[in-house]
Amino acid sequence: MALPSQLKPIQHHLRTAQEHEKRDPVVAYYCRLYAMQTGMKLDSKTPECRKFLVKLMDQLEMMKKELGDNESITQEVVGNAHIENYALKMFLYADNEDRSGRFHKNMIKSFYTSSLLYDVLSVFGELSDENIQHRKYAKWKAAYIHNCLKNGETPQPGPIGMEGEGYDDEFGAEGGGPSEAPHNPPQSQPSFHGHPSNQPSASNFSNIQIPPGSHAPANTPAEIPHPEAQLVKPVPVPRTMPAVDPSLLNNTQEGDVRLTPEDFTRAQKYCKYAGSALQYEDVGTAIQNLQKALKLLTTGKE
């Protein structure tokens with residue numbers, strides 16, 4: 001069924017869902033959930049939009065049944081961690097290629113797909129400042145590098161030369177490449193605090209926060225496989241292990257600590273992040289997240 005023109009803003013999220021149907025059904029599910037929620041806000045009244053959205057709801061219900069025993073679907077906090085980790089891995093792959101001066105279609109598509117997945121994270125609640133920053137940078141970089149290559153120019157690696165680029169409306173329409181018609185981003189795009197324009201400037205990204213030791217190796221494919229599938233093993237590099245907080249070694253709970261349901265949810269999230277980091281052999285990030293969980297459970301504070 002063709003996408004009604006009123007629902008055009010969700011077309012790339014739906015395409016991302018289609019691309020991940022087999023590779024990572026959890027990503028496909030949440031991309032469609034985001035598309036459905038956003039589509040309802042865009043236009044749920046006109047007959048063609050209503051018909052399209054009802055069909056999308058049916059598809060989501062079917063996927064929910066098929067994935068009924070998957071924790072990423074049944075537990076929101078696990079689903080949130082799954083999408084956030086996937087988005088970050090795609091971002092880090094593209095960022096690593098960019099900073100190494102390797103500009104190609106796959107890295108452009110990885111930047112753009114990661115920005116779409118940061119959109120999708122909004123189904124779990126408000127985005128963190130870090131995720132908003134990653135999303136805006138990834139969208140901008142995808143358009144900037146694409147336009148440079150299209151015009152026969154060599155892109156500048158890293159977070160520089162940021163003013164005046166538009167986003168491409170039809171990004172990814174043909175094999176992951178944008179169309180010819182760039183335009184300025186819609187006003188609804190989140191803007192950075194203290195920056196009057198919708199377009200990010202270089203200074204916004206000069207100190208973008210990347211977790212230590214988590215740059216993906218150069219040969220990581222743009223189409224990141226499911227962790228259980230063929231995982232590309234990074235070449236081992238010497239890592240500085242974070243020091244273990246001595247106060248956590250005696251991990252008995254302090255006297256009057258009363259943990260709230262939110263505390264348990266946050267602790268679970270840290271443990272999930274640690275598990276994901278270990279899948280990528282990122283020991284440092286795993287230890288940091290486990291320390292956060294332990295501190296929260298023993299002191300009630302983060």
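Summary of computed values
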{"quantity": "Helices (runs of 4 or more DSSP H) fully within region 1-75 counting 3 or more residues that are within 25 Å of the chain's Cα centre (by Cα) and under 25 Å from SER115 (Cβ atoms)", "calculated": "11-19, 25-42, 47-66"}
{"quantity": "Filter pass, LYS51 being open to solvent by 30 Å² or more (accessible area, probe 1.4 Å), within 17 Å of ALA35 (Cβ to Cβ) and not acidic (Asp, Glu)", "calculated": "yes"}
{"quantity": "Residue count, region 115-152 (criterion: in contact (Cβ under 8 Å) with a residue 60 or more places away in the chain and either charged (D, E, K, R) or outside any helix (DSSP H, G or I) (or both))", "calculated": "4"}
{"quantity": "Selection within region 14-32 - open to solvent by less than 30 Å² (accessible area, probe 1.4 Å) and within 17 Å of GLU76 (Cα to Cα)", "calculated": "ASP24, VAL26, VAL27, ALA28, TYR29, TYR30, CYS31, ARG32"}
{"quantity": "Hey, LYS105 surrounded by fewer than 23 Cβ atoms within 10 Å (Cβ to Cβ), outside the structural domain of ALA274 (by the TED database) and in contact with a strand residue (DSSP E or B) (Cβ under 9 Å, 6 or more places away or on another chain) or not", "calculated": "yes"}
{"quantity": "Count of residues meeting criterion [at pLDDT 95 or above and open to solvent by less than 90 Å² (accessible area, probe 1.4 Å)] in region 59-69", "calculated": "3"}
{"quantity": "Near pairs, Cβ below 6 angstrom, 6+ apart or cross-chain, from region 254-276 (within 16 Å of GLU71 (Cα to Cα) and outside the structural domain of ALA293 (by the TED database)) to any residue that is open to solvent by 70 Å² or more (accessible area, probe 1.4 Å) and modelled with pLDDT under 80", "calculated": "none"}
{"quantity": "Any hit, region 257-280, residues being hydroxyl-bearing (Ser, Thr, Tyr), more than 28 Å from LYS89 (Cβ to Cβ), in a loop (DSSP other than H, G, I, E, B) and at pLDDT below 80", "calculated": "no"}
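The values are calculated or read from the model by the stated rules, or taken from the named source; none is laboratory data. No experiment lies behind these values; they were computed from the predicted model shown. FYI the Cβ positions are ideal-geometry reconstructions off the backbone, even for glycines, and counts take in every protein chain you see. Side chains included, ligands, DNA and RNA excluded: accessible areas come from the protein's heavy atoms. Shrake-Rupley method; radii C 1.70, N 1.55, O 1.52, S 1.80 Å.
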